[in-house]
Amino acid sequence: MKPWYQQAVFYHIYPLGLLGAPKENHELTAADHFGELMQWIPHMKRINCTALYIGPLFEASGHGYDTRDFRLIDKRLGSCDDFRKFVEECHKNGIRVVVDGVFNHTGREFFAFRDLREHREASPYKDWYRGVNFGWSTPLGDPFGYEAWEGHYELPCLNLQNPAVKEYLFDTVKFWVEQFDIDGIRLDCANVLDFNFMKELRQRTTPLKEDFWLMGEVIHGEYSRWVNGEMLHSVTNYELHKALYSAHNDHNYFEIAHNVKRLEAVGNFLYTFVDNHDEDRIASKVNNPEHLFPIHQLLFTLPGIPSIYYGSEWGIEGKRSHTSDEVLRPAISIAEQSARTCALTDHITTLAKIHKENEELHGGPYKELLLTNRQYAFCRLGTSSLLLSAVNNDDQPATLSIPVPSGARQAANLLDEAAGPVFLENGRLSVTLPPNGGAIFKLLEG
């Protein structure tokens with residue numbers, strides 16, 4: 001049986017934003033927001049998501065990635081016991097839970113950094129951070145210098161070559177698994193993490209829990225450097241993310257097809273998405289809102305593990321500013337939002353169901369069948385079946401004759417089951433795609 005993550009449809013939540021938590025953490029006692037978060041579980045299940053990536057969760061000072069305590073749930077969200085019950089409820093509803101692991105850096109209020117500031121050279125933690133130099137000071141007034149993530153001195157970089165640091169983080173992961181029963185970790189800033197650290201992390205987590213998943217945040221670079229049998233199971237597929245919206249804005253499906261072929265060597269299990277907590281909402285990136293429909297069809301049928309960022313199933317818009325990501329991470333009431341009637345939500349729900357129910361989309365080989373600037377068709381192969389996905393980014397219907405590498409004589413359109421079967425002639429499938437839409441056909445080999 002395939003690991004759960006190879007069959008997953010992810011939902012992505014940035015909890016501090018979704019729950020409208022204070023921007024700065026001055027809380028002395030834990031809030032009680034997990035009851036509200038519990039209300040999202042039926043919604044995730046209703047739209048056919050089977051896994052949740054939620055984070056950051058652990059005690060931090062501000063945006064959540066400036067960790068204050070790796071073994072405490074952020075008090076702006078709730079308590080450790082609250083989160084434990086939340087994970088239990090997710091599991092009862094068939095939803096796996098993956099959390100953020102912020103291992104590249106800490107916040108300034110993390111115990112090791114506070115000790116270093118207080119005791120300088122005498123601190124037992126002087127080697128816990130990279131580039132510590134007592135010969136100069138930082139713009140924040142620290143009496144020593146250190147490496148900071150992208151020059152942000154509120155985020156001092158951990159020394160992941162220090163055995164004590166590594167052991168602390170490995171023990172922390174064990175704590176998360178034993179205390180909260182999490183199913184995986186999304187490694188923040190994996191593109192700059194020490195490779196040996198990630199290899200050791202893989203070795204240490206493999207025996208902790210069956211099919212424990214490690215996914216890394218990587219924007220640029222050759223993904224195969226991170227995704228392999230020694231290190232991570234997956235990384236964020238930013239290449240496809242960019243291609244999905246720009247190919248539609250430019251009416252250029254060649255961009256997507258080229259990207260998919262280039263990444264074939266990495267495998268079929270990269271983490272695919274159209275937006276997230278760091279990127280403008282997909283509804284704000286496309287020139288034509290109708291393109292959201294073929295874009296999501298591609299998200300769910302191209303190779304990869306698809307993910308929906310909270311709110312985007314309703315077509316929510318949002319663009320980051322030069323100084324803030326807050327608009328990308330809005331507070332949303334699920335009770336109010338889920339009452340909306342939205343064709344995009346229905347479309348995503350259907351696509352997620354198709355992804356769940358068809359093993360061809362769980363890592364099946366990809367084969368390009370037809371490609372123009374405005375139409376694109378490909379298939380995913382199963383053990384004895386074939387799934388064909390065809391999309392059209394034109395404002396007019398498109399009539400296509402698609403060659404099919406199968407002995408099948410008929411096909412069912414999974415996006416329009418009431419339409420009845422479509423018959424193949426001479427190994428070709430003739431179909432008229434709707435404007436800015438598509439079709440997904442299931443074929444059984446004859």
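What the table shows:
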{"quantity": "Spin-label pair residue 426/residue 138, simplified geometry with 7 Å Cα→Cβ offset, distance in nm", "calculated": "7.0 nm"}
{"quantity": "Size of electric dipole in region 282-377: Cβ of Lys, Arg +1 and of Asp, Glu -1, about Cα centre, debye, nearest 20", "calculated": "200 debye"}
{"quantity": "Helix 253-262 vs. the chain, principal-axis angle (Cα, 0 to 90°, nearest 10)", "calculated": "60 degrees"}
{"quantity": "Restraint check, 45/319; 92/209; 45/242; 45/356; 261/356, Cα-Cα greater than 21 Å", "calculated": "45/319; 45/242; 261/356"}
{"quantity": "Gain in span if fully extended, residue 278 to residue 174, counting 0.36 nm per residue against the direct Cα distance", "calculated": "34.7 nm"}
{"quantity": "Antiparallel bridges, percent of DSSP beta bridges restricted to the chain (to nearest 5)", "calculated": "60 percent"}
{"quantity": "Label assignment, Kirkwood radius over Cα pairs in Å derived from the structure, set (i) 23.1; (ii) 28.9; (iii) 22.0", "calculated": "(i)"}
{"quantity": "Sequence-distant lysines (8 or more away, or on other chains) whose Cα lies within less than 17 Å of residue 126", "calculated": "166"}
{"quantity": "Accessible area expressed per residue, the chain, with surrounding protein chains retained (probe 1.4 Å, Å²)", "calculated": "40 Å²"}
{"quantity": "Principal-axis tilt of helix 163-180 within the chain, Cα atoms, nearest 10 degrees", "calculated": "60 degrees"}
{"quantity": "Within region 127-143, backbone nitrogen closer than 20 Å to the virtual label 7 Å beyond the Cα of residue 196 toward Cβ", "calculated": "127-132"}
{"quantity": "Label point 7 Å beyond Cα of residue 92 along Cβ direction - residues of region 4-48 with amide nitrogen under 13 Å", "calculated": "38-39, 41-42"}
{"quantity": "The chain: most fluctuating residue of 62, 229, 101 per GNM, C-alpha cutoff 10 Å", "calculated": "229"}
{"quantity": "Residue-by-residue Karplus 3J(HN,Hα) for region 18-32, coefficients 6.51, -1.76, 1.60, Hz, glycine and proline x", "calculated": "4, 8, x, 5, x, 5, 10, 9, 10, 6, 9, 10, 6, 6, 9"}
{"quantity": "Cβ-based charge dipole, the chain, positive-most Cα from 219, 72, 243", "calculated": "243"}
{"quantity": "Helix 292-301 axis, angle to the chain major axis (alpha carbon atoms, nearest 10°)", "calculated": "80 degrees"}
{"quantity": "Most to least packed among 50-61, 75-86, 386-397, 200-211 [average Cβ atoms within 10 Å]", "calculated": "50-61, 386-397, 75-86, 200-211"}
{"quantity": "Rough spin-label spacing in nm, given labels placed 7 Å along Cα→Cβ, for residue 394 and residue 120", "calculated": "7.3 nm"}
{"quantity": "Packing-based order for 17-30, 341-354, using average beta carbon neighbours within 10 Å, highest first", "calculated": "341-354, 17-30"}
{"quantity": "C-alpha center-to-center spacing [region 351-426, region 161-197] in angstrom", "calculated": "40 Å"}
{"quantity": "Percent accessible area from carbon and sulfur atoms, region 168-225, protein chains only, probe 1.4 Å", "calculated": "43 percent"}
{"quantity": "Region 296-446 - percent of accessible surface contributed by carbon and sulfur, probe 1.4 Å", "calculated": "48 percent"}
{"quantity": "GNM top mover of 63, 43, 322 - the chain, alpha-carbon springs below 10 Å", "calculated": "322"}
{"quantity": "Label-point separation, residue 219 to residue 111 (7 Å along Cα→Cβ), nm", "calculated": "3.3 nm"}
{"quantity": "Residues in region 318-357 reached by a label modelled at residue 418 [backbone nitrogen below 15 Å; 7 Å Cα→Cβ]", "calculated": "347"}
{"quantity": "Rounded percent of accessible protein surface that carbon and sulfur make up, region 52-129, 1.4 Å probe", "calculated": "45 percent"}
{"quantity": "Sequence-distant lysines (8 or more away, or on other chains) whose Cα lies within less than 19 Å of residue 75", "calculated": "23, 85"}
{"quantity": "Cβ-placed point charges (K, R +1; D, E -1), dipole of the chain about Cα centre in debye, nearest 20", "calculated": "740 debye"}
{"quantity": "Per-peptide average of other Cβ atoms within 10 Å, ordering 407-415, 232-240 highest first", "calculated": "232-240, 407-415"}
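The values are calculated or read from the model by the stated rules, or taken from the named source; none is laboratory data. As the structure is a computational prediction, the values presented were derived from the model and not from experiment. Every residue, glycine as well, gets a Cβ built from its backbone with ideal geometry; the counts of neighbours run over all protein chains shown. In case anyone asks, the SASA skips ligands and DNA or RNA and just uses the protein heavy atoms, side chains included. Shrake-Rupley method; radii C 1.70, N 1.55, O 1.52, S 1.80 Å.
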